[in-house]
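Written out below as structure tokens is the structure these notes cover.
Values in this text are rule-based calculations from the coordinates and carry no lab data. Please read all numbers here as calculations on a predicted model, not as lab measurements. All Cβ positions, even for glycine, are placed from backbone atoms using ideal geometry, and neighbour counts span all protein chains on display.
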Amino acid sequence: MTFIPIALEGCFIIEPRIFNDGRGYFFESYNAKTFNEGVGAEIVFVQDNQSFSTRGVLRGLHFQKGEYAQSKLVRVTRGAVLDIAIDLRKKSATFGQTFSIELSEQNNRQLFIPRGFGHGFIVLSDEAVFQYKCDNYYHKASEGGVHYADPDLDINWGMPFNELLVSDKDKELPFLKDAPDFGF
């Protein structure tokens, strides 16, 4: 696996080493020792999640705060998404900055997003299966988010807003400037 640091400190693009032959392909998608060495931290994942969505579905920008903050290792096993991370650590030099990457079943890339970040994605293909590992358990009272259409973030989701399928809950999320302290 190759670990590529990005401008948002602590986040990494992870590219697998893929072995192709006449039968198809093989790659190691996760190895705790290799992963922890690659990100330079001891991360213990405790929960795996999976979602299925169709073209235009936008999920995000979500996070968990306090003692239930989560690091995530995200990937797509079917289809393609535009994945977004946002730095929510107030003391960070990149606070409020975002990073986007296409994750797909073709490129097999993963994105590691440490605690202190928000996360979201939009489905670019007709259908997508999105999988992610979390290093902390989901806790409803600790969930939070930032509005996907925050003009200060200026995220290019790759589709007009009128074509997005967004939950009512995500439509009500605050803009970053109006959000309460995240505790990061």
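Among Val129, Val46, Val81, the largest mean-square fluctuation in a Gaussian network model of the chain, built with springs joining Cα atoms closer than 10 Å, belongs to Val46.
For segment 7-37, which trypsin sites (Lys or Arg not before Pro) are in a loop by DSSP, counting at most 11 other Cβ atoms within 10 Å? Those that pass, being in a loop and sparsely packed, are Arg17, Arg23. The number of Lys pairs in the chain with C-alpha atoms less than 18 Å apart, excluding pairs fewer than 8 positions apart on the same chain, is 14. Approximating the spin labels as points 7 Å out from Cα along Cα→Cβ, the Glu127-to-Ala32 distance works out to 3.4 nm.
Ranking Ser71, Leu58, Ala85 by how far each Cα lies toward the positive end of the dipole of the chain (charges on Cβ) leaves Ser71 at the top.
Residues Val146, Val166, ranked from the fewest to the most other C-beta atoms within 10 Å, line up as Val166, Val146.
Sorted ascending by nearby beta carbons within 10 Å, beginning with the fewest, Asp170, Asp126 become Asp126, Asp170. Segment Glu143..Asp21, full-extension length gain: 39.5 nm, with 0.36 nm per residue of separation and the alpha-carbon distance subtracted. About the centre of its Cα atoms, the chain shows a dipole size close to 300 debye [charges on the beta carbon of Lys, Arg (+1) and Asp, Glu (-1) only; nearest 20 debye]. In loop segments of segment 57-95 as defined by DSSP, the trypsin sites (Lys or Arg not before Pro) with at most 14 further C-beta atoms inside 10 Å of their C-beta are Lys90, Lys91.
Comparing Gly22, Gly145, Gly66 in a Gaussian network model of the chain (Cα springs below 10 Å), the most mobile by mean-square fluctuation is Gly22. Close amide H pairs (under 5 Å, H built 1.01 Å from N) link Asp135 with Val46, Ser71, residues at least 5 positions away or on another chain.
A run of the chain free of exposed loop cleavage sites, with GluC sites (Glu not before Pro) counted only in DSSP states other than H, G, I, E and B and at most 14 other beta carbons within 10 Å, reaches its longest extent at 106-171.
Projecting the Cα atoms of Ile101, Ile18, Gln47 onto the charge dipole of the chain, computed from C-beta unit charges around the Cα centre, puts Gln47 farthest toward the positive end. As an equivalent ellipsoid, segment 2-178 spans semi-axes of 25, 21, 15 angstrom, where each value is the square root of five times an eigenvalue of the C-alpha gyration tensor, largest first.
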